[in-house]
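The values are calculated or read from the model by the stated rules, or taken from the named source; none is laboratory data. Everything quoted here is computed from the prediction, not taken from an experiment. Here Cβ is always computed from backbone atoms with ideal geometry, including for glycine, and neighbour counts include all displayed protein chains.
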């Protein structure tokens, strides 16, 4: 696995020719990336008590409420509710397993993290990208490139996915990410904005995902966050649920 810096004129994040050129700021990339990684929310447990999700597939939009509990290093418990607060699904991801409680239809779906990768283009290792974290293949101090004009664009190959990051070197946070999944052959673009501070880290209040191949957009708005969060994440399977394997 390797990463390489690409030109800031890269087609993924190309600027218009008439845009004013910023005053140059040249900084050691290793130092910048280290500072970005130090603000990764998934470096500790966290609890998003309330978030809003808007799903738009081109034929209309649907809105939901959600909560996310994360126990370091790899346990997620996600609850998805209707706007009236009725829980429709509970998702538990731990180790290499995925469990989904369909509380409306009384079904329990069981699979592996490989299913997430094939279906949604997200390896479990890459899930922190959802919350604005920078996921790298090696120690950020090992990078020797430079940051110019307050931004850095570079590519990585991680877990079968090609990732293009854009880092705002002034804020020490990601502004854009593009993920190309080798399994699905689809590209997912992620934009982060309206960062807010929680303790000693910054977290994006608004995250937007777009998959142009299937004309789908998802907007995530974080309303209430507890960080750090030290309680144990537990999953209680539904009793009498029909078991279905996720293939």
Of all residues being at pLDDT 95 or above and in a loop (DSSP other than H, G, I, E, B) in segment 106-134, which is surrounded by the most Cβ atoms within 10 Å (Cβ to Cβ)? Just the residue, please.
132
Output for segment 80-98, where each listed residue is crowded, with 16+ Cβ neighbours inside 10 Å, under 20 Å from residue 119 (Cβ atoms) and over 15 Å from the mean Cα position of the chain (by Cα)
80, 89, 90, 91, 92, 94, 98
Report yes if residue 208 is more than 22 Å from residue 113 (Cα to Cα) and either more than 14 Å from the chain's Cα centre (by Cα) or surrounded by fewer than 16 Cβ atoms within 10 Å (Cβ to Cβ) (or both), otherwise no.
no
Out of (1) farther than 24 Å from residue 64 by Cα; (2) assigned to a loop (DSSP other than H, G, I, E, B), the odd one out for residue 229 is which?
(1)
So, residue 138, is that one in contact with a strand residue (DSSP E or B) (Cβ under 6 Å, 6 or more places away or on another chain) and surrounded by fewer than 19 Cβ atoms within 10 Å (Cβ to Cβ) or not?
no
Complete set of residues in segment 147-203 that are in contact with a strand residue (DSSP E or B) (Cβ under 7 Å, 6 or more places away or on another chain), buried (at least 18 other Cβ atoms within 10 Å of the Cβ) and not in a strand (DSSP E or B):
169
Would you confirm whether any residue within segment 46-64 is without any contact (Cβ under 8 Å) to a residue 40 or more places away in the chain, in a loop (DSSP other than H, G, I, E, B) and over 28 Å from residue 198 (Cα atoms)?
yes
